[in-house]
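Report on one structure; see the data block that follows.
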């Protein structure tokens, strides 16, 4: 073929990356790896073969960890942690910057090794994986530098166990490890069973950067090793990236253990394309989603197209897909590389064969490479929103699509999913984009763009810190002395109305002398459902009132309570027998706390993250038994100040103050359903509240340690939980109104709009 022929065809020529440096690194270790524990590699044994998924060639032999080796790695991390945390934020920042510089210097080695190990194209490994990993360590070095000033009274959690997915290993490792290290934690990493080489190279860089021995440890192995790490008593926190199913299992396994848990779940992001969008740009965004693997291992997207442009968009997308290059991942011109292994390829093919009948399947013509775990780019259009392919976790180059008519329908379709990491919105009308973006239930919303990596949006240090002070163990309240349940019911407070309990039963409330002073209803599972439904109905309207209106309502509630201070003090004294001065102080502090959260509602809601502080939705909260009025107000006020509606279970032994407070809410004019009060035993109501699929978060401050049951019940839909593990909180001091309530009542959504969008 001469030059004139080349000018006529304009075919791509091969541009392979030389793998020699990566192969030399593997050979330097004898193509056999043990674990990295206490700053050194252990002696390798026979184990699992790490293969190049594009060719099937064996790259190295990986040793699977035993229980004893996991114990050894955790012990090494435990020994190193006090010294690492004791260095201080500034010294840790210097170590992290040294690690970031090494990542930049070894960019070619890292990207080639990751491509050989996982099959992702070299262009993605280098331009996205390595570059963002370097940026993550630089960013968290800066956060470490400011840690002591920004987070006084907080310390590192301790030892973190990080479980990594099979793709985008370095990027995911950096997103989990950088904040944990900067906060002063030490690490035990467990990479995917067959794609451990990137983590082992990272261990080599850690050693070269001079981090103290034991700060980073790596153990290889499959699911059994991950289970050992999750259950290990020496681990203080777990970070996991991968599928939602495994995430639910980890949440259930850690329930009640007190271990911090961060889940980065595989995401198939919604891509909303409005009729006024730049269709060619949106097509390129869809192609990016098709070709790019997410940090948690996903790929592809859910296309949600406005009906008027759906046909035109799909036609352009199909034409663009025919020009994608599938082949050698080391070739700089390759768009789509290999899947992790043949098993993943076969699973994907079976899933598509099962679901393709529900829509129209398109795959470009052309042969696949003769060897390797390759799958052609695939588009399935015309699917119903309830189709399995619209909801399932699909690991591979697959796009699925459906249509919408109105913007409200688009938001509903996008949010009706188990995937909530990222979303993409395409519209040339900025008003439309800014109206829809905050309503999308995703951590990061990208306007007129698909991959906009930003280290600042990865989360802060607080998820890897804990308060330095820990409260003492609470004693469960003594059961009230009473006879059989009464047949006459007293009302609950649901939807702004007094409602009889569904079971028709009440219980007597006795004073310290055993004299009956009142009775409250015994709520049932049906009452929990009714209260949640009322809260869900009221929450959107309450949130859209805006912070100034919510602040004024809290001021009104505080003013109303202040006019009844003497009455509430008498009621508290009658219930608890506490001294007159103590109950008067509790009521006065309750009024002051309402004023505090009214001020927060109007001034501080946007100051707790680099994005929009959005309400969670419906919060179910079990209030403390101690301080029956102050504890109730301390829980209720931040929840509604941030725009949430709530279902509250008041103090178990002293609920009358809460029911009297409902009259304060009514007098102040709080919209019905924003606050719902259901009375009963904490142990009986905790599980129904935590298991309810329409509750977005559960808080528990009960004297009874209900943490394990709540976290286990919440694992089904992976809702947020904030539990006390049976430890006391100082409701009279700063702990009763600290920033933890702000963080627990909101979620940060980052909206990224490129210049010129």
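The values are calculated or read from the model by the stated rules, or taken from the named source; none is laboratory data. Keep in mind that what you see is a predicted model, and the values were worked out from it rather than measured. For neighbour counting, all protein chains shown are included, and Cβ atoms are generated from backbone atoms with ideal geometry for every residue, glycine included.
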* Listed residues 421, 391, 412; which is within 27 Å of residue 175 (Cβ to Cβ) and free of Cβ contacts under 8 Å to residues at least 60 places away in the same chain? -> 391
* Return yes when residue 126 is touching a helix residue (DSSP H, G or I) at 6+ places or on another chain (Cβ under 9 Å), modelled with pLDDT under 95, surrounded by fewer than 20 Cβ atoms within 10 Å (Cβ to Cβ) and closer than 23 Å to residue 167 by Cα and no when it is not. => yes
* Counting just the residues of the stretch 729-757 that are at pLDDT 85 or above and assigned to a loop (DSSP other than H, G, I, E, B), which one comes out surrounded by the most Cβ atoms within 10 Å (Cβ to Cβ)? -> 731
* Kindly check whether there is at least one residue in the stretch 512-526 that is farther than 20 Å from residue 651 by Cβ, modelled with pLDDT of 85 or more, surrounded by fewer than 18 Cβ atoms within 10 Å (Cβ to Cβ) and out of contact with any helix residue (DSSP H, G or I) (no Cβ under 8 Å at 6 or more places or on another chain). => yes
* Check on residue 597, touching a residue at least 24 places away in the same chain (Cβ under 8 Å) and closer than 27 Å to residue 732 by Cα -> yes
* Residue among 45, 51 that alone is at pLDDT below 95 and surrounded by 20 or more Cβ atoms within 10 Å (Cβ to Cβ) -> 51
* **Within the stretch 126-187, helices (runs of 4 or more DSSP H) holding 3 or more residues that are under 22 Å from residue 219 (Cα atoms)** => 169-182
* Mind checking which residues of the stretch 487-501 are surrounded by 17 or more Cβ atoms within 10 Å (Cβ to Cβ) and either at pLDDT below 85 or more than 23 Å from residue 671 (Cα to Cα) (or both)? -> 489, 490
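Residues are listed down the side, and each one gets a yes or a no for (1) closer than 18 Å to residue 254 by Cα; (2) touching a helix residue (DSSP H, G or I) at 6+ places or on another chain (Cβ under 9 Å):
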| position | (1), (2) |
| --- | --- |
| 688 | no, yes |
| 692 | no, yes |
| 702 | no, yes |
| 705 | yes, no |
| 709 | yes, yes |
| 713 | yes, yes |
* Asked: What strands (runs of 3 or more DSSP E), lying completely within the stretch 242-360, carry at least 3 residues that are under 30 Å from residue 187 (Cα atoms) and touching a strand residue (DSSP E or B) at 6+ places or on another chain (Cβ under 6 Å)?
  -> 260-265
* Asked: Within the stretch 73-87, is there a residue that is crowded, with 18+ Cβ neighbours inside 10 Å and in contact with a helix residue (DSSP H, G or I) (Cβ under 6 Å, 6 or more places away or on another chain)?
  -> no
* Structure fact -> Within the stretch 148-174, the residues that are modelled with pLDDT under 90 and surrounded by 24 or more Cβ atoms within 10 Å (Cβ to Cβ) are 156, 165, 166, 167, 168, 169, 170, 171, 172
* Which one is surrounded by the fewest Cβ atoms within 10 Å (Cβ to Cβ), of the residues in the stretch 572-592 that are under 37 Å from the mean Cα position of the chain (by Cα) and without any contact (Cβ under 8 Å) to a residue 40 or more places away in the chain? -> 592
* To do: Run residue 196 past the list (1) under 15 Å from the mean Cα position of the chain (by Cα); (2) within 29 Å of residue 100 (Cα to Cα) and report the number of the one that doesn't hold.
  => (1)
